[in-house]
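Heads up: the structure comes next, in structure tokens.
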Amino acid sequence: TKELLSAFGMKLDSTTMKVSIHEDNAGALVLGNTLPPGFTPRSKHYAIKTIWFREQIVKRGIKLLKIDTKEQLGDIFTKGLPEPAFIYLRQKLIGW
């Protein structure tokens, strides 16, 4: 893969995509954007994961964006939704 990437003028450790993470959880946004790492008594047990995640956000230039709960496309895969919400998210997912 290094040869293939170098043929296109790309480095293995370089970021070639712009990534945005849409999050509807305010607490997750605060933890993801807090630099230097600060912890609360409830968040200290997952300190290692949040430190790694924050490092990746900074290193790769990932944007964390607030999104309304009703617009969260991932809910269609993780929750049992009422029919109107399911139809709305399905249409957004398909691009209608």
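Summary table below
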{"read-out": "Tally, over the stretch 41-66, of residues that are within 18 Å of N25 (Cβ to Cβ), open to solvent by 100 Å² or more (accessible area, probe 1.4 Å) and either at pLDDT 80 or above or outside any helix (DSSP H, G or I) (or both)", "value": "3"}
{"read-out": "Enumeration of residues in the stretch 71-89 that are closer than 14 Å to E23 by Cβ and surrounded by 10 or more Cβ atoms within 10 Å (Cβ to Cβ)", "value": "E71, Q72, L73, G74, D75"}
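The values are calculated or read from the model by the stated rules, or taken from the named source; none is laboratory data. Remember, predicted model here, so these are calculated numbers, not experimental data. Cβ coordinates were reconstructed from backbone atoms using ideal geometry, including for glycine residues, and neighbour counts include every protein chain displayed. For the accessible areas, the whole protein counts, side chains as well, though only heavy atoms, and no ligand, DNA or RNA atoms are used. Shrake-Rupley method; radii C 1.70, N 1.55, O 1.52, S 1.80 Å.
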